[in-house]
Amino acid sequence: MSDAAPSWRAARRLAWRVGGLAPTTARIVELADADGLMLARAVRALVDLPTADASAMDGWAVAGGGPWAIGATIRIGSAPGAPLRPGRARAITTGGAVPPGTTAIVRQEHATILDGPRGLLAMRDGRPVPERGADLRRRGEELGAGTLLAEAGRRVHPALIALAAAAGVDTVEVTAAADVDVVVTGDEVIDRGVPQPGRVRDAFGPALPSLLRRLGAGDVRARRGADEADRLAEAIATTSAQLIVTTGGTAAGRSDHVQRAVRSGGGELVVAGVAMRPGHPVLFGRTGAGVPILGLPGNPLAAFACLLSFAPPLLEGMAGVPMSEPAPSADAGVTRDARRTLLRPVRLVDGVPELTGRDGSAMLMGLAGSDGFVVVPPDGVPLLLPMPGADGAAQPVSLVASSLSA
Ligand SMILES: Nc1nc2c(c(=O)[nH]1)N[C@H]1C(S)=C(S)[C@@H](COP(=O)(O)OP(=O)(O)OC[C@H]3O[C@@H](n4cnc5c(N)ncnc54)[C@H](O)[C@@H]3O)O[C@H]1N2
Ligand code: MOO
């Protein structure tokens, strides 16, 4: 690692900026089609909620103290209508808009009608008249028109769809997911079947497309690229994707053909090496055609650590949304390293991250049983990079490590 290598945190910001140089276009979709997509523009309420002072119960809108003379029933869905005069009551159902002057709602089961259906309403069994405002929802008490419902960069989910619909929204502007080309290098790597001693079965071709899609990419295609800079440069130059991810061939002084392929095609490397372990040879920049390119190291654990670290900020930069920050985490007992950020696969046990073990850079056992990586920087708060799709990855993360007290 050269001394000039940026920190993990600085490299993430650089990745976001590189993405921002190659923006994808946003599009407008119907709310019902927006689940799982990322907002390109904030969503705001178009109306107060509730839209009018309304009843929270089935019963009677009343004005003043009882007994009350019963007026016409309020139909659900009708506008608030003429003021209710003191001493009057009108039947109403939950959610109905109350007339101005309503002081409270009397629940149906708490009242009784004297003198027939058009007679007088009175409290039942000596119950007191409900306090002013009882069971009334005030216009705008949940939110006012213009309230921010979700910022740009938030992923749409069903509850947010429901809220936006309630607030009068029909369509939302979402980011266009970037199409990604995954180029797998390595002459020793085979695509199918059982690897003979010395050969290596490709772990990335079958795994990275779905991982990238879970991180917000659009179409992802994996293909093989040669362990040779010229042919790799050609593969890079002819892509129709908006983002290129390569695997292998990053280590300088070894078969560093990814660096050479980017440079020979007129591209630039913004980062070639990051102060992190594993994954220090990771690189990213832009091809001669301006397409962002992320070069992952060949060691499998390192490749996953780098993909989860840098693909999200690249995709967020391309989408024109703010960079997301991983959640704080306990350190899982990892001893800080003053010179580099450490990433280790952890399993969440009751929200507490525990090291999985078998987490050598060339290994996959620890990663496959993990819920993500704990990220321990030289200083500052440790973070958790969740593994999309892992069982425990959605658990709340405890900031208290059981291992700290041990
Ligand atoms: N002299 C040095 N050697 C190495 C350094 C270094 O700084 N100086 N860094 C080491 C580190 S750390 C890593 S990580 C790797 C990075 O290597 P490359 O990105 O150049 O990747 P390769 O050499 O092509 O492969 C490394 C390793 O990964 C296996 N591999 C590659 N592709 C796949 C795949 N699709 N599926 C499964 N496994 C794959 C490959 O067989 C190698 O074993 O370099 C270290 N060396
Ligand atoms: O970075 Mo290498 O990624 O330590 O194995």
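Observations on the structure shown:
- Within the accessible area of the range 266-315 (1.4 Å probe), percent carbon and sulfur: 46
- Length gained when the stretch Asp219-Glu131 is fully extended (0.36 nm per residue, less Cα-Cα span): 25.8 nm
- Spatial separation of Cα centroids for the range 264-318 and the range 170-199, in angstrom: 14
- Helix 8-20 axis versus longest C-alpha principal axis of the chain: approximately 80°, rounded to the nearest ten.
- Peptides 185-195, 256-266, ordered by how many other C-beta atoms sit within 10 Å of their residues on average, highest first, read 256-266, 185-195.
- Listed peptides 220-229, 333-342, 14-23 by packing density, highest first (mean Cβ within 10 Å): 14-23, 220-229, 333-342
- The angle between the Cα long axis of helix 300-319 and the main principal axis of the chain comes to about 50°, on a 0 to 90 degree scale.
- The range 250-346 shape via C-alpha gyration tensor axes, a/c threshold 1.5: oblate
- The magnitude of the dipole of the chain, with charges of +1 and -1 set on the Cβ of Lys/Arg and Asp/Glu and taken from the Cα centre, is near 540 debye.
- Over the chain, DSSP H runs of length four or greater, each weighted -39,500 (n - 2.57), average out per residue to a 222 nm ellipticity of -5000 deg cm²/dmol.
- Rounded Å value of the spacing that divides the Cα centres of the range 23-80 and the range 336-397: 43
- Length added when fully stretched, Arg155-Arg231, from 0.36 nm per residue minus Cα-Cα: 23.6 nm
- Protection proxy ranking, peptides 72-80, 349-357, average beta carbon neighbours within 10 Å, highest first: 349-357, 72-80
- Accessible-area composition of the range 69-126, carbon plus sulfur, in percent [1.4 Å probe]: 54
- Ligands, DNA and RNA are left out, and with a 1.4 angstrom probe the accessible area of the chain is 47 Å² per residue.
The values are calculated or read from the model by the stated rules, or taken from the named source; none is laboratory data. Since this is a predicted model, take the numbers as computed values, not measurements. For neighbour counting, all protein chains shown are included, and Cβ atoms are generated from backbone atoms with ideal geometry for every residue, glycine included. Quick note on the areas: whole protein, heavy atoms, side chains included, nothing else; ligands and nucleic acids left out. Shrake-Rupley method; radii C 1.70, N 1.55, O 1.52, S 1.80 Å.
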